[in-house]
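To start, the structure under review is shown below, and the notes come after it.
Computed from the coordinates by the stated procedures, all read-outs in this text should not be read as laboratory data. Computed from a prediction, not measured in an experiment: that's the story for all the values here.
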Amino acid sequence: MPTRHLLQRHLVQGTLALGMLGSAVFGLTGTAYAVTPINYWSSACPTQNLHEGEGDGCVAYLQEQLNKSQVTPTVAVDGSFGPKTEAAVIAFQQYVDDNYTGLPYPSLSVDGVAGPQTRTDLDTWDSHVGQ
């Protein structure tokens, strides 16, 4: 194969690879996050209650779960528990209290804190929607 043809092929492959990398880093396609979500039940998430002011992969996982619930305002999955994440937690807690209190969901404190019961309800939400 002529050298020129090989060089062109490598340039094209390199450009495609850089394009995909750039898309992932800058969030242009797919779901690349600045903070890697960490399941909030893991030992890597030592706090029992996630609340405003926290920021880490545990919060990013919470944000993913809130977005999956489809009953809260969509929040950025950035790992920062700010006012928008707090508002989404409150919206979820209020929605559960207004529509699903009782089995399988006990009453929640509508306080914007993602404690064990709020997180359990988020984790089991898909299996109970529409009941």
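Residue-wise HN-Hα couplings along the stretch 80-95, as the Karplus relation 6.51 cos²θ - 1.76 cosθ + 1.60 with θ = phi - 60° gives them from phi, are 10, 8, x, x, 6, 5, 4, 4, 5, 4, 4, 4, 5, 4, 5, 4 Hz; Gly and Pro carry x. Annotation: amide H of Leu50 within the under-5 Å range of Ala114, Gly115, sequence separation 5 or more or interchain, hydrogens built in the peptide plane.
The mean sequence distance of close C-alpha pairs (under 8 Å, at least 6 residues apart), as a share of the length of the stretch 33-128, puts its relative contact order at 28 percent.
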